[in-house]
Amino acid sequence: MILKTENLKKYFFKKETIKAVDGVNLLIKKNRVTALVGESGCGKTTLAKLILGFYKPCEGRIFFKNIEITNPKNEKVIRDNIQIVFQNPYNSLDPYKTIFFSLWEARAKVEKLKKREAEDFFKEYLKKVGIEENILFRFPHQLSGGQVQRVSIARAIIRNPQILILDEPTSFLDITTALKILDLLKELKENFSLSYLFISHNLKLVKKIADYVFIMFGGKIIEAGPIHQIFNKAFHPYTKLLLEAADYKLEEITSFKREGGCVFRKYCPYQEEKCKYPPPLKKVDDKHFYYCIR
Amino acid sequence: MREILRIENLEVEYENKVKALENISFDVYKGEILGVVGESGSGKTTLALSIVNLLPEVAIKKGNIFFENINIFSLKENELNKLRGKKINFIFQSPYDSFDPLQTMANQFREYLKEKLEDKSIIEKVIYDSLKKARIDNIEEILGSYPHQLSGGQLQRVSIAFAISTSPSLLIADEPTSNLDVTVESQIAHLFLKLKKFFGLTIIFITHNLELAKFLCDRIAVIYQGRLVEIAQVEEIFNNPKNSYTEFLVDSFKRVE
């Protein structure tokens, strides 16, 4: 275990209370790729932001190894050990500054390196993420989407983090580029002994890289298991729906307009009276579990 | 006449001598879904915009585009306006950008149809029928909503309803599902199939998603760096690609499968 969350909750109090993250127990193992899969609004990005300390949880705690990082005193532990790569790489780099400057801010500024030293150091890193070193003094808009995403990855690993959160790192890219980025990520994981939290809505892509997957719906984890088990035999109706949709077999979902109890009850074709109450935890084996009455 | 659209030697060049499209010729048959597949910057959208002559002023166009035997490039602006958004209609990628955030859907739909329909008395009926065809159940609720109150999937269904309300003979859909969740994408893909099957609509479906194109389309045109590198039946493209770029694309697709 390198990171875990304990009964993590984040509610937003607007007109109605939005339970963005509602009692999540997530576990990231060392040197593994843990995936978090769910659709827009399921709370996956809020969860990532909680881990990074951008939000304070309403309830629950997060541990990095044995250090409680939800404690404000330990903020530096987050900065030193966890980094994130976002979906749209153009948004994560300053458009007015060269690539050199973006990397400078990430590492050299902190360590007070001299410009000459930093330059060589950065070129080394650019090589590691597979781009030519002559792009160092270019601006983000002069690079392609794939190149800029490689720069964001370089910037994330330049601080030597232990965990990398990848929030839909390839959804912005063409499929051919996306596959190359996945290959790069696999390689970096070994070379830098990184652990990944790979956030995505695309189960097929997740299958290419992940070891273990958490499926999220309505702020809750509804099923979790080793990736191949989930693909071979999923138990939760929502996971089954996601798998069907990935093959375009899903024609139409009917919404039943029922509230309370199981989060998926509104859409679940198998719902019955008992679903009004929180669903029980069922274990397939010690690694694979889901929450459903069935 | 089997083809509804014929493109002959289309070439589009921007002022800095960049050729966005070069030497493109193909036909679109009545009642088919033709997929236009390519990566970002390959010229897919430029191709779609040339069909209704919506290219920027600075673009230099060569070649001919015949829609139901009328040469689009020879039409005057007011004649073109009779085609655009009527006989040929569009669906775009981001449904949030296609609507006025300050108007209810009902108002927007009425305004939209006031321009397009000769007979104003049937507007309400056309609205209702189109939403029905786009398989929206809670019509009243949707019509009373503002865009931000609807989900991406609901809004994309409404855009489809708008697009089919003018009884177009050709629908051009530019990445209509790339902003949507997987479960919604699957449902919208099925909706396009139904539109083809039940209403005989001809659809040009632009996408970078090969898997979706394989599921949805009858034929696929592969665009690479502004050129049409291959056009064939879906099975041909996937099982027996002739062009090396097509082969490369199909291989990447198979790696994900």
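Quick note: the coordinates plus some simple rules give every number you see, no bench work behind them. Fair warning: this is a prediction, and the values are worked out from it, not measured in the lab. Glycine gets a Cβ as well: all are built from the backbone with ideal geometry, and neighbour counts include every protein chain shown.
Kirkwood Rh over Cα pairs of chain A into Stokes-Einstein at 37 °C, 0.692 mPa s: D in µm²/s?
161
Looking at B:Ser98, B:Ile72, B:Leu54, which one has the Cα that reaches farthest to the positive end of the dipole of chain B (charges on Cβ: Lys, Arg +1; Asp, Glu -1)?
B:Ile72
Cross-link candidates for B:Lys242: which aspartates and glutamates have Cα within less than 18 Å, leaving aside residues fewer than 8 places away along the same chain?
The reachable aspartates and glutamates, counting only those whose Cα sits under 18 Å from B:Lys242, are B:Asp218, B:Glu230, B:Asp251.
Taking just the alpha-carbon atoms of segment A:68-119, what radius of gyration and Dmax come out, in angstrom?
Values for segment A:68-119 (Cα only, Rg and Dmax): 13.9, 38 Å.
I want the antiparallel fraction of DSSP beta bridges within the protein assembly as shown, as a percent rounded to 5. Numbers along the way, then the final one.
Details: 48 of 85 bridges.
Here the antiparallel bridges make up roughly 55 percent for the protein assembly as shown.
Within the set A:Lys29/A:Lys56; A:Lys14/B:Lys86; B:Lys86/B:Lys194; A:Lys180/B:Lys19, which residue pairs have Cα atoms separated by over 32 Å?
Violating the 32 Å Cα-Cα cut-off are A:Lys14/B:Lys86.
Cα atoms only, the protein assembly as shown: Rg and Dmax in Å?
25.4, 76
Would you calculate, for chain B, the mean residue ellipticity at 222 nm contributed by helices, counting each DSSP H stretch of 4 or more residues as -39,500 (n - 2.57) and dividing by all residues, to the nearest 500? List each step's numbers first, then the result.
Working: 10 runs with 101 residues, N = 257.
Helices in chain B give a 222 nm mean residue ellipticity of -11500 deg cm²/dmol.
Net charge near B:Lys61, counting Lys/Arg +1 and Asp/Glu -1 over other residues with Cβ under 14 Å of its Cβ?
Result for the neighbourhood of B:Lys61: -4.
Share of antiparallel DSSP beta bridges in segment B:3-256, in percent to the nearest 5?
55
Are there chymotrypsin sites (Phe, Trp or Tyr not before Pro) in segment A:30-132 that DSSP marks as loop and that have at most 10 other Cβ atoms within 10 Å, and which are they?
A:Tyr96
Normalise the Debye intensity by I(0) for segment A:113-169, one equal point scatterer per Cα, no solvent, then take log10 at q = 0.16, 0.27 Å⁻¹ and round to two decimals.
-0.51, -1.21
Neighbour counts of other C-beta atoms within 10 Å: give me A:His201, A:His141 arranged from fewest to most.
Listing A:His201, A:His141 from fewest to most nearby Cβ atoms yields A:His141, A:His201.
Residue by residue, what Karplus-based ³J(HN,Hα) values in Hz, rounded to whole numbers, does segment A:5-10 have, using 6.51, -1.76 and 1.60 with θ = phi - 60° and x for Gly and Pro?
With coefficients 6.51, -1.76 and 1.60, one gets 10, 10, 6, 6, 10, 9 Hz.
Provide the per-residue ³J(HN,Hα) series for segment B:246-255, in order, calculated from phi with Karplus coefficients 6.51, -1.76, 1.60 and θ = phi - 60°, each as a whole number of Hz, with x at glycine and proline positions.
4, 4, 4, 4, 5, 5, 4, 4, 5, 5
In what sequence do B:Thr207, A:Thr170, A:Thr98 fall when counting other Cβ within 10 Å, fewest first? Intermediate values should be presented prior to the final figure.
Working: B:Thr207 23, A:Thr170 26, A:Thr98 17.
Ascending Cβ contact count within 10 Å gives the list A:Thr98, B:Thr207, A:Thr170.
Before rounding to the nearest 500, sum -39500 (n - 2.57) across all DSSP H runs of length at least 4 in chain A and divide by the residue total; then give [θ] at 222 nm in deg cm²/dmol.
When only DSSP H runs of four or more count, the value is -9000 deg cm²/dmol.
Taking amide H atoms as placed 1.01 Å from N in the peptide plane, list the residues 5 or more away in sequence, or in a different chain, whose amide H sits under 5 Å from that of B:Tyr224.
For B:Tyr224, whose amide H was placed from the backbone, the distant partners under 5 Å are B:Val229.
Sorting B:Met105, A:Met1 on the 10 Å Cβ count, fewest up front, what's the list?
Working: B:Met105 26, A:Met1 12.
The most exposed by this proxy come first: A:Met1, B:Met105.
Looking only at segment A:3-218, where both bridge partners belong to it, what percent of the DSSP beta bridges are antiparallel (to the nearest 5)?
The antiparallel fraction comes to roughly 45 percent.
³J(HN,Hα) across segment A:17-31 via Karplus (A = 6.51, B = -1.76, C = 1.60, θ = phi - 60°), whole Hz, x for Gly/Pro?
6, 9, 8, 5, 10, 10, x, 9, 10, 10, 9, 10, 9, 5, 6
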